[in-house]
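Here the structure comes first, spelled out in structure tokens, and everything after it is commentary.
Every read-out reported here was derived from the displayed coordinates using simple, explicitly stated rules and does not represent laboratory data. Owing to the predicted nature of the structure, the values given are computational and were not obtained by experimental measurement. Glycine also receives a Cβ, built like all others from the backbone with ideal geometry; neighbour counts cover every protein chain displayed.
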């Protein structure tokens with residue numbers, strides 16, 4: 001079936017494709033796919049397209065002034081030809097997170113594009129695609145206007161009942177306060193009356209102001225856009241490529257993903273849709289990686305994933321388990337001190353996520369390597385770095401890897417923590433969803449000089465980060481937000497992309513896979529020796545790693 005068939009074309013093209021500019025040095029082609037969905041449903045199409053053309057940096061992409069941009073169909077066919085001519089075609093898609101501006105997306109994608117063309121350089125194999133879904137930054141200028149305009153929009157769009165209650169609440173609060181402060185002749189009963197009115201009106205006003213603040217945070221608005229625009233538009237891109245590319249029956253295109261924060265929500269839902277719940281293979285215990293006509297799911301790299309932690313639990317609630325099994329390799333980069341996930345995201349999802357306990361409401365990026373024996377343990381043990389589930393076999397017969405789920409926990413302090421085994425009942429008879437991932441716990445990660453401050457946390461090397469440590473970490477995060485070059489600042493949510501080792505791991509695991517990543521570290525020898533040396537490298541960086549068994553055994557056990 002051909003892409004040009006009218007029955008396959010959407011009514012309105014859901015995205016535009018831009019090609020990164022090349023010099024003679026670039027051997028891997030790169031593209032930016034931008035969803036054409038509007039930030040606000042009232043925005044006129046012409047204004048939205050005009051804004052879209054302004055935010056795309058012409059210095060980075062093949063866009064010539066005065067010339068018409070290549071059509072989306074032409075770009076799809078261009079990508080298809082490259083894939084058809086490649087002996088081992090692979091597509092790696094990068095997906096940004098919440099509140100990312102267009103310039104943030106372009107800068108991040110350009111960084112990956114330059115890295116792979118400098119460090120990987122495998123021509124006629126990879127295609128890199130940066131994907132931008134419509135995300136709104138709370139404070140910066142965008143299609144919704146400045147922060148002031150966003151505040152005006154938030155107030156003017158209040159539902160009538162809320163607007164009336166806010167006006168009445170503020171009016172009653174002001175007059176009650178004036179009466180209490182300036183009318184000394186009030187009787188005791190009048191004082192009680194105005195005090196009661198002040199308290200009640202203040203509560204009503206505070207609730208409505210909280211709703212306004214939640215809207216201004218854009219978190220829930222971005223969640224809606226990620227669900228209804230980001231996921232569907234990316235699925236449509238892959239669908240159109242699937243119909244356009246013509247390959248022999250024995251040849252497949254490997255499809256891998258790098259995603260950050262809310263982008264992990266986008267990619268896991270895309271994988272779920274691509275897996276096709278009506279395909280018999282998707283509900284078997286051992287589904288293969290093939291999807292559609294030409295694609296095969298490859299590697300999945302989730303960085304600080306802003307998705308429910310239930311995605312690694314067994315049971316009915318885990319809607320991702322069958323689709324995640326299709327990925328050849330899957331990785332999670334996490335850290336206990338991630339302020340954006342631990343506080344902001346969990347607070348926002350408190351209103352909507354169906355969890356009975358605080359621990360179950362945490363996000364997957366909050367998962368950490370186990371430091372406590374059980375929920376009653378208040379002491380714990382100091383972190384052990386390297387591959388923590390790696391053990392020597394008896395009688396010197398190499399190494400073995402324990403199941404990852406036995407080494408994972410969620411904790412908010414030394415007094416509140418739960419092992420994964422304590423949260424949900426595990427069975428040795430099944431491969432647990434948690435065992436499908438390899439985990440990089442970067443809580444104490446340091447790079448280059450061992451005496452420097454941590455990359456994504458304070459690197460205090462304690463069993464748990466407590467209140468005082470979080471206060472200091474918050475101050476360091478604020479310093480980083482104010483001045484990105486502050487050596488004492490810490491970016492707890494996106495700092496993974498700034499550390500030398502973590503950045504290399506994220507990019508090369510996505511492009512090269514685990515074995516390719518080991519080779520890039522100049523680690524030679526047999527499988528056991530490679531894992532042992534890799535563990536030592538991670539010890540030097542103070543990273544705790546839990547390897548998935550299939551990574552070590554070089555075969556997929558699903």
List the relative contact order of segment 81-153 as a percent without decimals, with contacts defined as Cα pairs under 8 Å and 6+ residues apart.
42 percent
Using a 7 Å offset from the Cα along the Cα-to-Cβ direction at both residue 356 and residue 227, what is the distance between the two label points in nm, to one decimal?
2.4 nm
Compute the distance in nm between two label points, each set 7 Å from the Cα along the Cα-to-Cβ direction, one at residue 181 and one at residue 400.
7.3 nm
Taking only the alpha carbons of segment 345-423, the radius of gyration and the largest Cα-Cα distance, Dmax, both in angstrom, are 15.4, 54
Rg over Rh [alpha-carbon atoms, Kirkwood Rh] for the chain:
1.01
In whole Å and largest first, what semi-axes does the C-alpha gyration tensor of segment 147-217 yield when each eigenvalue is scaled by 5 and square-rooted?
30, 11, 9
Provide the packing ranking of 327-333, 171-177, 514-520, 119-125, i.e. peptides ordered by the mean count of other C-beta atoms within 10 Å per residue, highest first.
327-333, 514-520, 171-177, 119-125
Given the peptides 206-219, 364-377, arrange them by the average over their residues of other C-beta atoms within 10 Å, most packed first.
364-377, 206-219
Using the 10 angstrom Cβ neighbour count as an exposure proxy, how do 531, 238, 423, 164 rank, fewest first?
164, 423, 238, 531
Across the Cα atoms of segment 485-558, what radius of gyration and what greatest pairwise Cα-Cα distance (Dmax) are found, in Å?
14.1, 45
Counting only Cα, what are the radius of gyration and maximum Cα-Cα distance Dmax of segment 155-273, in Å?
27.0, 92
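Which shape class applies to segment 333-553: rounded if a/c is under 1.5, otherwise prolate when a/b exceeds b/c and oblate if not, where a ≥ b ≥ c are the square roots of the Cα gyration tensor eigenvalues? Present the calculation step by step, with values, prior to reporting the outcome.
Numbers: a/c = 1.75, a/b = 1.17, b/c = 1.50.
Note, shape of segment 333-553 comes out oblate.
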Counting each DSSP H run of 4 or more residues in the chain as -39500 (n - 2.57), what helix-only mean residue ellipticity at 222 nm follows after dividing by all residues, to the nearest 500 deg cm²/dmol?
-12000 deg cm²/dmol
For the pair residue 533 and residue 23, how long in nm is the line joining their label points, each one 7 Å along Cα→Cβ?
3.3 nm
